[in-house]
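Here, each number is a calculation from the coordinates, and none is a lab measurement. These figures come from a predicted structure and were not determined experimentally. Positions of Cβ are backbone-derived with ideal geometry, glycine not excepted, and every protein chain shown enters the neighbour counts.
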Amino acid sequence: MRFLTIKIVILLCTLCTSYSAVAQNTTSNSNQGLIKAASLASYSQVLKKLHVFDSLANKDSIDYYVEKGNELCQLINTSELKDTTIHELQKAKLGAEIYQFIGKHSLKIKNIPASIINFSHAYELFDLSNMKKAAGKCATEIGWIYFNSGNRVDALKHFHKSVKHAKQVNDSIGLIDAYTNISKVYWEQGDYNRTQKNLSKALSVAKNIQRIDLESKILIAIAGLKKELGDLKSAQSIYEEILSFTKSTNDTLLMSRSLNNLGSIYFEKGNHKVAKSFYDRAYNLLEFSDCSFCIAFVIKNLSQYHYTLNNIDKATELAKQTLLIGNQTENETLIPNALNLLIAIYKEKEQWKVAFKYQKQLLDLNLKSKKENLQQISQHETIRLQLEKDKYLTKKNEIEQGLKKEKEKQREYILYILIGSIVVLLIAALLIFYFRLKSSREKNAYITKQSEERKLLLQEVHHRVKNNFQLVSSMLRLQSYNFDDEVLRINFEEAVNRINAMAIVHDVIYRQEKFSNINGKVYLEKLIKTLQITGNQTVKYEVNSEEIPFKIETLINLGIVINEMITNSNKHAFNQQNQTPCISISLKETKTNTYELIYKDNGSGIKERNFSSGFGMELIETIIDNFDGNVEIIEDVKWNTAIKITFQEN
């Protein structure tokens, strides 16, 4: 067997050497690399490598594969794609995806000309491959690049292409997106009539597909347009309509925007009190959100409100907050608004030095804007030259491809022989390995069968242990019903709960795949659910646990500890005056093999002197001592009782 494998390897090396010698006679070494790269698998491999190294942020590697991808995609002859095979169309699709990725990568590193060129190639290949939806997305990407570069004409041209492709494939979402993008361009140009028309088209499509969320977003743009045109009545009506939509969609950001804009409308009307109420509602919605950009616009309006009402100190504080967020988000609207308001405030205070400081910042901002406009003009010319150069290189590449194709035909016969030989050798090798692996697979199957039998046996053991625990607890509970002594009956109930805490561990083990460790979160939730059913059902539980794997003995003891604390709360902490009893339990790992359990309730509170009294607390301390742990009362302003338990698991 060993000698046969060596013979196969030698034969493969001989064939490869012969193939290389023939290839050198028909084409150059550089062309060999390109022809090898022309296989469908090569496109797929390069695309996969691009995604892998992009996620790893490995600049050198991703630059290498970007260059490799460009070389590979240049082999695609776009002039022949309309009448080509499915194989070539698949290659074109992968090439389009490579171009699309390189376009996004170029945009990320702010190489705008390269980004437009690569997205344009991707668009062309997607379009020729009849992938209209993907082509529309590329057109949208190009449109946004032109838009952000200040080239509104080319942006419109590509957004209209997006409309065309969205209609071809009945892509309603894409059509809404395209109409909305076109309206943004016209709005920037001050063509409010066309802005309104395109927003109306987008709204019509959103209504047809019954997407209330999209309809609300389009309506807020229409309302903003009405407000811009001075039609405050129509704008107010639309914002109120949006509020009714957002109640059903629970879109907090959209609701806050509507409230903020309604406030600004009432403010412009002079109804400052109503405006303030809308601002406050918007602020309350956004106060704990991650959208600092959104809340900044509310703060800006509030600062203007306080300035108008001569609350100068409050207006100053809010204006500074707006400026801070504006600088952090680099928002071109927030910064000048905040600066103008601060200048006005400090002029009114006659603090000219501070006013001059903000005036200088505003002048610097205007100079920066003018500089960026000049850079955009320069960038337009650079993009134009780069696109013309790319067209020339593309045409040249198509001619070269035609010549290479003729040479490739001469090599096909030799290539087919080589492939056939390799296939035969691979089949032979597979047959050899098949017989080798057959016996090992049979052994593996036998081992797997034994493993499954042992697993079933362990599951049955844990299932029976759980059933025995439940039987004992049921017998104890039945016996407790015959006791006239309430204290004795309650003690029996506590004993039953302790047994149930141990039974739940075995129930969790029975239902999971592994037996060495148990998910602490799953166990904790099941324990709380059981105690809630058998105990005080009016108590609300808040459980926050990490998914920590514990040993069986650890969870049994942990369950008893939690059971004792809940029992203690139900007996001593909650009374008839407490209408909403609540218990909070959190479990987390603080460091390796060290854990923290925090138990809190809103009952009557626990006194330091009574902390260690009673069998339950003695049991807790005894258990925790066995785990090198500590039990202590901590202060928590929101809870009347808070106990922190730290323990270790060896």
- Item | Peptide ranges 126-138, 425-437, 218-230 listed from the most packed, as the mean C-beta count within 10 angstrom indicates | 126-138, 218-230, 425-437
- Task: Just order 249-256, 571-578 by mean Cβ neighbour count inside 10 Å, highest at the front, would you?
- Result: 249-256, 571-578
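Could you give the length gained on full extension between I109 and K438, defined as 0.36 nm per residue of separation minus the Cα-Cα distance, in nm?
Length gained, I109 through K438: 113.2 nm.
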- Item | Cross-link pairs K320/K349; K157/K197; K201/K226; K227/K276; K137/K226; K108/K405 - those with Cα-Cα distance over 25 Å | K137/K226; K108/K405
- Note on the structure: Checked the range 292-350 against the a/c 1.5 cut and the a/b vs b/c comparison, axes a ≥ b ≥ c from its Cα gyration tensor; verdict prolate
- Message: For the range 517-648, what are Rg and Dmax over the alpha carbons, in angstrom?
- Response: 14.1, 43
- Mean Cβ neighbour count within 10 Å, used as a protection proxy, ranking 166-178, 334-346, 555-567 highest first: 555-567, 334-346, 166-178
- Task: Please work out how much length the chain gains when fully extended from K409 to S248, using 0.36 nm per residue of separation minus the C-alpha to C-alpha distance, in nm with one decimal.
- Result: 51.5 nm
- Message: Taking the number of other C-beta atoms within 10 Å as the exposure measure, put D601, D60 in order starting with the fewest.
- Response: D60, D601
- According to a simple spin-label model (label point 7 Å from Cα along Cα-to-Cβ), what is the distance in nm between S61 and N148? 2.6
- Task: Compute the whole-percent fraction of alpha carbon pairs in the range 87-138 spaced more than 16 Å apart.
- Result: 33
- Starting with the fewest neighbours, write out W639, W352 ranked by other beta-carbon atoms found within 10 Å of each beta-carbon. W352, W639
- Query: Which of the GluC sites (Glu not before Pro) found in the range 248-357 are in a DSSP loop and have at most 15 neighbouring Cβ atoms, other than their own, within 10 Å?
  - Reply: E287, E330, E332, E350
- Kirkwood-based Rg over Rh for the range 211-289 (C-alpha set), two decimals? 0.96
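Starting with the fewest neighbours, write out L367, L309, L587 ranked by other beta-carbon atoms found within 10 Å of each beta-carbon.
L367, L309, L587
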- Message: Beyond a 26 Å Cα-Cα separation, which of these cross-linked pairs lie in this structure: K161/K389; K529/K591; K529/K588?
- Response: K529/K591
- Calculate I(q)/I(0) for the range 43-196 by the Debye formula, one identical point scatterer on each C-alpha and no solvent, and give its log10 at q = 0.09, 0.10, 0.14, 0.16 Å⁻¹ to two decimals. -0.31, -0.38, -0.72, -0.89
